[in-house]
Amino acid sequence: MLVYAAAAGCYLLGALYVQRTLRYFGLAPGASWLGACLWAVSPGVVYYIGAFWWFENLTLPLLIVVLYKLLRLYSGRALHWLDALIIIGAVVLSCLLRGYLLAIYGILFGVFLTLISIRRALPARRRWQAWLLSAGLLLTTGVAHVPILVKNHSMFGAYVLSNQAGFELLQGHNPVTVGRFMFGWDNRDNPFNQFVRAHIPQLDSLNQYQESQARAQVARQWAWQHPSAEMRLILRKTAIFFSPENFVADALWTSWSPFTALVHLAFFGALLLTMVHYKGLRFERHDALLLTPLVTAWVLSLVFFPGFRWRFFAEPALLLFPLIVWHRLQTARASASRHRVART
């Protein structure tokens with residue numbers, strides 16, 4: 001019961017901080033609550049991830065909380081001890097539950113520190129607070145992962161956090177992949193398994209760490225020797241990542257969701273309008289914080305394959321950015337109307 005209570009609490013927390021994030025970007029209370037409700041009923045949150053007991057149900061809301069607090073720090077808010085503890089606790093817990101979040105948070109804080117450092121109007125004290133927060137987070141995260149490193153060293157003789165990377169890397173870079181996870185990858189009659197065994201004849205004699213390293217080497221060699229196939233895979237993986245599909249754990253192909261399709265169309269529409277500076281639209285620096293989890297999840301999908309759990313962390317930006325651009329268009333239209341009235 002405690003587990004489900006935690007998931008329900010994080011669900012409500014995520015909706016609350018989606019609303020706060022939209023308010024930060026200037027949306028009115030009604031519009032920001034509408035955005036929170038849309039996130040709360042989105043297919044990934046309600047069913048495709050939310051209906052399963054997976055740690056993503058805890059870690060995505062925590063990411064939204066951390067993102068909001070970083071946005072507030074970027075805007076000049078002082079860093080209080082409680083906020084620092086919340087940020088560090090949320091990030092460390094999330095990374096322990098899902099190792100790939102190390103990549104998302106690592107890049108997110110890199111972007112945050114870059115934005116903080118180049119913002120001239122920010123007092124020097126605020127910059128130091130941001131750097132101290134990041135240093136404390138790095139230290140705490142490192143200490144929290146020491147037991148994992150020690151355990152893997154005792155088992156495999158190497159200080160690694162996981163042996164999964166080599167397996168997943170080869171899943172995404174081989175001559176038989178379709179750009180997504182291949183079920184039955186270890187079946188003897190599977191073409192992928194046959195490809196692996198042809199390139200790693202000693203496969204059955206390797207431990208998990210050695211097998212991961214061998215698979216990673218095969219993946220790198222294949223990618224280097226087949227650049228045109230790699231380029232096609234990049235395009236295919238990108239199309240899968242941004243398709244209106246909602247990924248589930250036990251199906252190669254899943255149906256498209258109208259909700260997801262509309263969200264993705266709205267996102268690319270907002271992105272295009274901003275890129276061509278329609279009605280004076282411009283990217284603002286703090287947009288980078290909002291979009292970083294999306295970009296990182298996309299890059300992870302290119303490095304490995306489009307993971308339904310990775311894309312889950314891109315979905316808030318896919319939903320929120322069109323709402324933010326819509327608000328900017330409304331603001332620009334209202335400003336233009338006032339100028340016309342003033343001239344008359």
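Can you spot a residue in region 62-69 that is surrounded by fewer than 17 Cβ atoms within 10 Å (Cβ to Cβ) and either within 27 Å of Phe259 (Cβ to Cβ) or modelled with pLDDT of 95 or more (or both)? Checked region 62-69: no residue is surrounded by fewer than 17 Cβ atoms within 10 Å (Cβ to Cβ) and either within 27 Å of Phe259 (Cβ to Cβ) or modelled with pLDDT of 95 or more (or both).
Among the listed residues Arg197, Arg126, identify the single one that is closer than 30 Å to Gly76 by Cβ and surrounded by 12 or more Cβ atoms within 10 Å (Cβ to Cβ).
Just one listed residue meets the conditions, Arg126.
For residues that are over 16 Å from Leu139 (Cα atoms) and surrounded by fewer than 17 Cβ atoms within 10 Å (Cβ to Cβ), scanning just region 84-102, find the one that is farthest from the chain's Cα centre (by Cα). Only one residue fits best here, namely Leu97. One residue stands out among those in region 1-49 that are outside any helix (DSSP H, G or I) and modelled with pLDDT under 95: the one that is farthest from the chain's Cα centre (by Cα), which is Met1.
From Phe247, Phe259, which residue is part of a helix (DSSP H, G or I), modelled with pLDDT under 95, surrounded by 15 or more Cβ atoms within 10 Å (Cβ to Cβ) and not basic (Lys, Arg)? Walk me through how you get there before you give the answer.
Working: Phe247 fails: part of a helix (DSSP H, G or I).
Testing whether each residue is part of a helix (DSSP H, G or I), modelled with pLDDT under 95, surrounded by 15 or more Cβ atoms within 10 Å (Cβ to Cβ) and not basic (Lys, Arg) leaves just Phe259.
Here are Phe156, Phe183: which of them is aromatic (Phe, Trp, Tyr), within 28 Å of the chain's Cα centre (by Cα) and either surrounded by fewer than 18 Cβ atoms within 10 Å (Cβ to Cβ) or at pLDDT 95 or above (or both)? Explain how you work it out, then say what you get.
Values: Phe156 fails: within 28 Å of the chain's Cα centre (by Cα).
Criteria check complete, one pass: Phe183.
A residue that is outside any helix (DSSP H, G or I) and either surrounded by 22 or more Cβ atoms within 10 Å (Cβ to Cβ) or modelled with pLDDT of 95 or more (or both) cannot be found anywhere in region 318-327.
Selection of helices (runs of 4 or more DSSP H) fully inside region 91-204 by the criterion of at least 1 residues being under 30 Å from Phe283 (Cα atoms) returns 101-118, 124-156. Residue count for region 300-314 under the criterion of being more than 8 Å from the chain's Cα centre (by Cα) and either free of Cβ contacts under 8 Å to residues at least 12 places away in the same chain or in a loop (DSSP other than H, G, I, E, B) (or both): the result is 4.
Looking at region 262-299 only, could you name the residues that are assigned to a helix (DSSP H, G or I) and of a type in the set (Val, Ile, Thr)?
Of everything in region 262-299, those that are assigned to a helix (DSSP H, G or I) and of a type in the set (Val, Ile, Thr) turn out to be Val263, Thr274, Thr292, Val295, Thr296, Val299.
Number of residues in region 5-46 that are without any contact (Cβ under 8 Å) to a residue 40 or more places away in the chain and of a type outside the set (A, V, I, L, M, F, W, C): the value is 6.
The values are calculated or read from the model by the stated rules, or taken from the named source; none is laboratory data. From a predicted model like this one, the values you see are computed outputs, not experimental measurements. We place every Cβ from the backbone using ideal geometry, glycine too, and count neighbours over all the protein chains shown.
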